[in-house]
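Following: one structure in structure tokens, then a few remarks.
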Amino acid sequence: MTMRIFLMGTLFGAVTFFAGARTATVGSAVQAAQPEKKMDVWIGTANSPKSEGIYHCTFDTDSGKLSETTLAAKVDGPGFLALHPNHQALYAVGTLEGKPSVIAYRIVRESQSPQLQLLNSLEIGDGGAAHVSVDPTGKTVLTAQYGGGSVAAFTLKEDGSLGERTELVKHEGGSGVVPGRQKAPHAHWTGFSPDNRFAFVPDLGLDQVVIYKVDPAKAKLTQHGVGQVPPGGGPRHMKFHTSGRWVYVLNELDLSVTVFDYDPEPGTMTAKQTLPTVPKEDLAKEQFVSAAEIRVHPNGKFVYASNRGHDTITAFRVNPESGELTVIEREPIRGATPRNFNLDPSGRWLVAAGQDSHTLAAFVVDPQTGELTYNRSNVFAPSPICVVFDSGAQE
């Protein structure tokens with residue numbers, strides 16, 4: 001069975017219930033598993049003169065080498081991508097015929113270079129989306145609209161195509177702490193709890209993670225509560241720990257991670273630690289700084305976060321009792337502007353996307369220390385902003 005990776009190109013995990021990225025089972029099985037030699041890699045890209053849409057490459061899991069990229073589907077600013085948990089289908093947020101849309105593709109693997117065949121698309125109705133996710137049952141798609149400050153829900157049909165938009169929920173307010181960035185709501189990410197009872201939408205403008213009860217069979221949302229980050233933090237992306245006990249929220253504006261205790265029964269988040277991804281003094285000379293992506297290692301021992309401007313990935317060690325974090329190292333990505341990165345399902349490798357350097361770079365992950373070592377594999381990818389590994393589920 002072949003495995004696959006996708007890169008994405010708009011504003012915008014490592015357990016199965018996050019935003020379309022599927023991973024291996026956690027725990028001892030991760031270390032014992034023998035990964036496939038080749039994985040497919042799909043690349044979603046930013047709307048730029050260098051990019052024509054979603055791209056594809058392969059990754060050799062023995063050597064850690066990336067192949068050259070090829071165009072898989074033409075689309076403007078395909079944005080974040082998500083995979084269907086059961087069908088050979090991929091979802092993107094981009095622009096078709098001038099309309100910001102959520103787009104469904106059939107993955108066609110009849111040649112050495114797989115292609116994406118358009119199934120259908122639906123207009124979002126509130127501007128372009130920053131993120132897209134599919135619930136673990138494959139019944140509901142969620143999108144987050146940064147500019148509109150909203151979350152939208154869509155049904156999925158039995159063949160993986162899009163059904164209808166069932167929700168468009170507008171967030172209200174703004175913390176106002178950071179001028180120009182927090183006067184209004186800016187929904188940035190969507191994802192689901194391990195038990196699929198709740199959906200989560202970090203909102204950069206509100207300094208909150210908005211929590212919804214979710215009915216995945218009907219793609220319906222009911223507002224439930226919030227998780228509060230420090231004022232001016234600007235929450236962007238989040239991930240659950242593999243145990244489901246803790247949540248890690250990456251704050252874009254102050255380059256920090258907030259650790260939450262998560263109580264699954266009431267669906268509540270309680271903040272208990274916030275620490276910087278990069279010390280303030282190390283950012284003094286940078287003209288632009290912004291945290292971008294956060295991932296949890298499949299073995300649950302480490303958390304990683306990317307720093308744009310500083311152009312590094314910060315590795316954290318997870319306290320197995322409390323879930324709190326300590327910094328291990330900060331590794332340069334060998335590129336510019338790491339808007340996204342991902343860990344392969346085995347946790348042996350990390351691939352970092354350099355949006356402004358137009359590169360993908362591979363790193364070895366030490367399973368004992370969590371440290372990253374550059375693997376000297378660096379290939380061209382036009383304006384990549386997200387990487388997703390695909391286990392290639394069969395129909």
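The values are calculated or read from the model by the stated rules, or taken from the named source; none is laboratory data. The shown structure was predicted, so the numbers you read here are calculated from the model rather than taken from an experiment. So basically every Cβ, Gly included, is an ideal-geometry build from the backbone, and we count neighbours across all protein chains shown.
If you go through region 96-115 and keep only what is at pLDDT below 95 and in a strand (DSSP E or B), you end up with L96, I107, V108, Q115.
What residue, among those in region 194-246 that are of a type in the set (S, T, Y) and surrounded by fewer than 19 Cβ atoms within 10 Å (Cβ to Cβ), is nearest to the chain's Cα centre (by Cα)? Within region 194-246, the match that is nearest to the chain's Cα centre (by Cα) is S243.
Of the residues making up region 16-70, just one is in a loop (DSSP other than H, G, I, E, B), among the aliphatic types (A, V, I, L, M) and at pLDDT 85 or above, namely A46. When region 114-139 is filtered for residues that are over 30 Å from E68 (Cα atoms) and either of a type in the set (D, E) or in contact with a Lys or Arg (Cβ under 9 Å, 6 or more places away or on another chain) (or both), the ones remaining, listed by number, are L122, E123, I124, G125, D126, D135, K139. Residue check: is I333 buried (at least 16 other Cβ atoms within 10 Å of the Cβ), aliphatic (A, V, I, L, M) and within 26 Å of F380 (Cα to Cα)? In short, yes. Within region 351-365, one or more residues are under 21 Å from H310 (Cα atoms), more than 19 Å from the chain's Cα centre (by Cα) and among the polar types (S, T, N, Q).
If you check V364, V387 for being surrounded by 24 or more Cβ atoms within 10 Å (Cβ to Cβ), among the β-branched types (V, I, T) and assigned to a strand (DSSP E or B), only one passes: V387. Across region 329-358, which residue is farthest from L66 (Cα to Cα) among those that are touching a Pro at 6+ places or on another chain (Cβ under 8 Å) and outside any loop (DSSP other than H, G, I, E, B)? Restricting to residues being touching a Pro at 6+ places or on another chain (Cβ under 8 Å) and outside any loop (DSSP other than H, G, I, E, B), the top hit is N340. Residues considered: T155, T140. Of these, the only one that is polar (S, T, N, Q), farther than 27 Å from R181 by Cβ and buried (at least 24 other Cβ atoms within 10 Å of the Cβ) is T140.
Residues that are among the β-branched types (V, I, T) and closer than 24 Å to T143 by Cα: list the strands (runs of 3 or more DSSP E) wholly contained in region 228-305 that include at least 1 such residues. In region 228-305, 246-251, 256-263, 268-276, 290-296 are the strands (runs of 3 or more DSSP E) which contain 1 or more residues that are among the β-branched types (V, I, T) and closer than 24 Å to T143 by Cα.
To keep it simple, each residue is scored yes or no on (1) touching a strand residue (DSSP E or B) at 6+ places or on another chain (Cβ under 6 Å); (2) small (G, A, S).
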position: D195; (1), (2): no, no
position: D215; (1), (2): no, no
position: T222; (1), (2): yes, no
position: M238; (1), (2): yes, no
position: V259; (1), (2): yes, no
position: D263; (1), (2): no, no
position: A271; (1), (2): yes, yes
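For region 170-182, does any single residue satisfy the condition of being closer than 15 Å to L90 by Cβ, surrounded by fewer than 24 Cβ atoms within 10 Å (Cβ to Cβ), touching a strand residue (DSSP E or B) at 6+ places or on another chain (Cβ under 8 Å) and not hydroxyl-bearing (S, T, Y)? No, region 170-182 has no match at all.
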